[in-house]
Ligand code: NDP
């Protein structure tokens, strides 16, 4: 009798360039399990019914990407603490009675920084640029790493203030406007989508010193606009978000399959697939 193949997927709009099917196939191969992982492009307004249909056809879990992470948070009946903090869900799992929503983006970021890149977070000064969904998902896990302080700066300053206020009970976090940022940080994380259009947030160059590590959540075949800027400013090291992508996927896989895969060989293959 053939072994049953469990079905997972990524829902978003658009999704066609996603590396998630390859990542999850490699994870499953690594531990000798069989899964199918499909891409689901859900037209605007069809998120809820598309998730319901996927459950109906026997799907076991979903990753969720733009623009539906907020929708996924709203429909889940059992959000994890980190999903509740982020008010966004990138991983859905379910039983007949429960729709569980998790947010693995921040944990993926922290795992990439610490384990893959060897970047120390404890007692360090961290700057998070951006206050959108990705930044919101990162704040809780970054504060759990016990930095000396976490400063949030965003083009629309009010959004950084609200984000810092929301997490104030959880650790030393505050908002700052771009022009008042003081030199220099141990780590600067670009959680804006500016690199998507080849732009760099309007940051003072002094935030990058000779020991500063710079990280862009965006990734691609070539260094992002932010990483080019950081290198020109003399950053000690730079990395893009491809490791975060693989690590957040590993956290989703753990939720679904109860095994955390070895990410190093998968990260290597995904990097190669970009070039
Ligand atoms: P959102 O649309 O929720 O937020 C966008 C953010 O970017 C806002 O803070 C916005 O500022 C800021 N921004 C956009 N353009 C500019 C600009 N020209 N200058 C300065 N700030 C700008 O996006 P997300 O938070 O979901 O995603 C942000 C990035 O993170 C994307 O590049 C995404 O690809 C990446 N990401 C990577 C992941 C990974 O696994 N590697 C996972 C999740 C996200 P304002 O508030 O002023 O509009």
Name every residue in segment 165-175 that is in contact with a strand residue (DSSP E or B) (Cβ under 7 Å, 6 or more places away or on another chain), closer than 23 Å to residue 112 by Cβ and either within 13 Å of the ligand (Cβ to nearest atom) or in a helix (DSSP H, G or I) (or both), in order of residue number.
167
Condition test on residue 248, is it within 11 Å of the ligand (Cβ to nearest atom) and either in the same structural domain as residue 207 (by TED's automatic domain parsing) or in a helix (DSSP H, G or I) (or both)?
yes
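Can you say whether residue 202 is exposed (fewer than 15 other Cβ atoms within 10 Å of the Cβ), within 9 Å of the ligand (Cβ to nearest atom) and more than 19 Å from the chain's Cα centre (by Cα), as far as the supplied structure shows?
Values: exposed (fewer than 15 other Cβ atoms within 10 Å of the Cβ): yes; within 9 Å of the ligand (Cβ to nearest atom): yes; more than 19 Å from the chain's Cα centre (by Cα): yes.
Answer is yes for this residue.
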Spot the failing condition for residue 184; the list is (1) assigned to a loop (DSSP other than H, G, I, E, B); (2) at pLDDT 95 or above; (3) more than 15 Å from the ligand (Cβ to nearest atom), and only one is missed.
(2)
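Determine whether residue 138 is outside the structural domain of residue 66 (by TED's automatic domain parsing), over 14 Å from residue 173 (Cβ atoms) and surrounded by 24 or more Cβ atoms within 10 Å (Cβ to Cβ). Before the answer, list the steps.
Details: outside the structural domain of residue 66 (by TED's automatic domain parsing): yes; over 14 Å from residue 173 (Cβ atoms): no; surrounded by 24 or more Cβ atoms within 10 Å (Cβ to Cβ): yes.
So residue 138 fails the test.
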Residue 263 meets each of (1) surrounded by fewer than 22 Cβ atoms within 10 Å (Cβ to Cβ); (2) closer than 14 Å to residue 26 by Cβ with one exception, condition (1)
Residue under evaluation residue 214, criteria (1) in the same structural domain as residue 144 (by TED's automatic domain parsing); (2) under 30 Å from residue 5 (Cβ atoms); (3) outside any loop (DSSP other than H, G, I, E, B), criterion not met
(2)
Can you tell me which residues in segment 14-38 are in contact with a helix residue (DSSP H, G or I) (Cβ under 9 Å, 6 or more places away or on another chain) and surrounded by 17 or more Cβ atoms within 10 Å (Cβ to Cβ)?
19, 20, 23, 24, 26, 27, 28, 35, 37
Elements of type strands (runs of 3 or more DSSP E) in segment 75-162, at least 1 residues being over 30 Å from residue 202 (Cβ atoms) and either at pLDDT 95 or above or touching a strand residue (DSSP E or B) at 6+ places or on another chain (Cβ under 8 Å) (or both)
91-94, 99-102
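The values are calculated or read from the model by the stated rules, or taken from the named source; none is laboratory data. Values in this document were obtained by computation on a predicted structure and should not be read as measured data. With ideal geometry, Cβ positions are generated from the backbone for all residues, glycine too; neighbour counts draw on all protein chains shown.
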